[in-house]
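Notes follow once the structure below has been shown.
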Amino acid sequence: MSTEEAKPEAAAPSLASRITHDEPDTKSDLESAQTDGAPEELNGSGLAEPEYDVQVSLNDLQQDPNNPLYSVKSFEQLDLKQEILKGLYAMNFRKPSKIQERALPLLLMNPPQNLIGQSQSGTGKTAAFVLNILSRVDTSDRTPQALVLAPSRELARQIMGVIEVMGQFIPDLSVYPAVPDPARRNQKVEGHIVVGTPGTVTDQIRRRLMDVSKMKTLVLDEADNMLDQQGLGDQCKRVKLLLPKDVQTVLFSATFPTDVLRYADIFAPRANKLTLKHEELTVEGIKQFFFDCDSEQTKYDILVKFYGLMTISSSIIFVRRRDTAAEIERRMVADGHKVAQLTGALEGPERDKIIDKFRSGEAKVLITTNVLARGIDVQTVTMVINYDIPEGPRGEPDAETYLHRIGRTGRFGRVGVAISFVSDKKAWENLNAIGANFGVDIVPLPTDNWDEVEETVKKVIKSHRAGKTTKEMNKGLNKE
Ligand SMILES: Nc1ncnc2c1ncn2[C@@H]1O[C@H](COP(=O)(O)OP(=O)(O)OP(=O)(O)O)[C@@H](O)[C@H]1O
C-alpha cells in the first residue's frame, strides 16, 4: 500500500449555523437522505444532486440482506440518547447501515471494548464511531475525552464537521481540530473531542498542550493505512502509549490486509472484529472500466477528449506524482476546463480552500494524488479517474489504494463510474491483478467510438439501481 503523501494540515472553520428541523421527513429517496462529509458550513454539497437524478430508493437497498446498507434495526433500537437521535434526524439518516447496526452495540458495551471494524467504502463507518463517541462524552468536563486520528487534514476536517452536525443537539459540545495551524500552535487543546492528524497530536501531547488523562476513546480512521505507513504507524503507537491504559481503541477501514490486521490485533488487543472477505470489498454501485491507451501522450489526449464529451457533476482524477497533477491541471486549464489541483505540495490553508471549492461545486474536477484517496466524502462525485494505476513502492499493484480511490464515488447506495487509464504492459498487468484480487471484471471502453463511450457512461450514471455488476450492465447496454 502506498500513500505517497499523508502530510497534515490546518483548522476547520467552526459551524456558524445549524440545521433546524428535528424530525425526519417522509421522503424516502436517496437524494433527500443524508448530507455528505462536509456540512454546508464547510461548503458541503449537501442535498444537491446536480446534473443527474440518482433515483435509488435507499429503502430498497436497506431491505436487501446482501447489501452493505442492510439493517434490521432502527436507530431508536440502538440505545442512543434522544439528543443524538435528533442529530441523526437532522442529517436525514433514517436507518442504520449494516456496519452501524453491528458495530454500535459492540462499541456501546460497558466496560468499553476495543473494535476492529471493516466495511465497504461509503457505507457509514464515520457515523458508527462518532455515535459511540457522542454517547460516551461528558460535556460537564471540558478535558478531552475522545481522540480521532485520520491520515489527512482534509479527512480530519471532514470528520470534525460530521461530529459537529451529528452532535448539534448536545448542549455545550465542543470539538477541537488538531491539524497544523500556525494560529493555534501554542494554544491549549480545549474540547471534549479532538480530531486530528498523528503528527500534530503527538506534538500537542508532547508540549503538554493536550491533557490526555481523561481520554476514554481512541479512534483510528483508515486504520490499516495509519498502522502500515512507517511514519504514521510510529506516531499512532506513540500517541496510544501516552493515553490511559484502559482507553477504548477503535479501528475502522474498508481494507485490512492480513499483515496489517495482525498488527491491528496488537494495537487494539482483544478487539471485537467485524471483517469482510476479499470478494465482498467492492461496492456494487461503482462500475469499473478502463481505457487502453497507446502511450503516455495518448493518455492525456484521451482524458481531454473524454472531458470534452461528458458533463459530469463532479469527478476526481488520481495521479501518482505531484508533478503530473500540476501538469494535467496546467494543460486542462489551457484547454478550457475548470479544474483544481490538491497535493501535499500545497500549504494547509491553500488545501482547505481547494477542497472547499470542490465540495461546493465551484470546481468540478479535482486532480490529486493518493493524499485524497481515502475517506473523502463528496456525494456529487460520480466519476473517478485512475490516470495512473496505483502501485506499491516496488511497482506492485496496490489493490487497497485502488479500492479506496474508486470508493470516492458510489457513496451510500449511489452509482458511480471508475475509469482507469492503461498505457503500458505493467499498468495493464497491475490493473488485471487488481481486478482478479477483488473478483471483478474491469471492462474496456473503446477509444475509437466516443458515442459508445458517452452512452455507456451516461447510462451508468443515470441508472437508478446500484445492483448490477459492470459486466451485466455492459451486456444490457450492448443488447439495447
Ligand atoms: N444511516 C445512514 N443513512 C443515510 N446516510 C448515511 C448513513 N450513514 C452514513 N450516511 C452517509 O453515507 C456517506 C458515506 O459515509 P462515510 O463517509 O461514513 O463512509 P465510510 O464508510 O467511512 O467510507 P470510506 O471507507 O470511504 O471512508 C456519507 O455521506 C454519510 O453522510
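Each value in this text was obtained by applying a stated rule to the coordinates, not by laboratory testing. Here the structure is a predicted model, which is why all the values come from computation and not from measurement. With ideal geometry, Cβ positions are generated from the backbone for all residues, glycine too; neighbour counts draw on all protein chains shown.
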Checklist line | THR382 long-range amide H proximity, modeled H, under 5 Å | finding: SER313, SER314
Check: How high is the FRET efficiency from LYS458 to ALA433, r the C-beta distance, R0 35 Å, rounded to 0.05?
Finding: 0.75
Check: Can you list the HN-Hα couplings for segment 284-296, worked out from phi with the Karplus curve (6.51, -1.76, 1.60; θ = phi - 60°), rounded to whole Hz and with x for Gly and Pro?
Finding: 4, x, 9, 8, 10, 10, 8, 9, 8, 9, 6, 7, 4
Notebook entry, point to check: Packing-wise, with mean Cβ within 10 Å as the measure, how do 76-85, 121-130 rank, highest first?
Noted result: 121-130, 76-85
Next item on the list: Please work out whether segment 286-479 counts as rounded, prolate or oblate from its C-alpha gyration tensor, where a ≥ b ≥ c are the square roots of the eigenvalues and a/c under 1.5 means rounded, while otherwise a/b larger than b/c means prolate and anything else oblate?
Entry: rounded
Check: LYS73 versus GLU347, label points 7 Å from Cα toward the beta carbon: distance in nm?
Finding: 4.8
Margin query: Just want the ordering: MET383, MET310, from fewest to most Cβ atoms lying within 10 Å of their own Cβ.
Written below: MET310, MET383
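Among 88-98, 138-148, how do they line up from the highest to the lowest mean number of other beta-carbon atoms within 10 Å? Provide the component values of the computation, followed by the final result.
Working: 88-98: 21.1, 138-148: 18.0.
Peptide ranking by packing, descending: 88-98, 138-148.
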Check: HN-Hα J couplings of segment 165-176 from phi, Karplus 6.51/-1.76/1.60, θ = phi - 60°, integer Hz, Gly and Pro as x?
Finding: 6, 5, x, 5, 9, 8, x, 6, 4, 10, 10, 10
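Tell me the net charge near ARG102. Cut-off is 12 Å between Cβ atoms, ARG102 excluded, with +1 for each Lys or Arg and -1 for each Asp or Glu.
That works out to +3.
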Notebook entry, point to check: Can you list residues whose amide H is under 5 Å from ILE367's amide H, if they're 5+ apart or on another chain and H is modeled 1.01 Å from N?
Noted result: ILE317, ALA340, GLN341, LEU342
Check: Whose amide H sits under 5 Å from the amide H of ALA178, counting only residues 5 or more places off or on another chain, with H placed in the peptide plane?
Finding: VAL195, GLY196, THR197
Next item on the list: Calculate one ³J(HN,Hα) per residue across segment 343-356 by plugging θ = phi - 60° into the Karplus curve 6.51 cos²θ - 1.76 cosθ + 1.60, and present them in order as whole Hz with x for glycine and proline.
Entry: 9, x, 6, 8, 6, x, x, 5, 4, 4, 4, 5, 5, 5
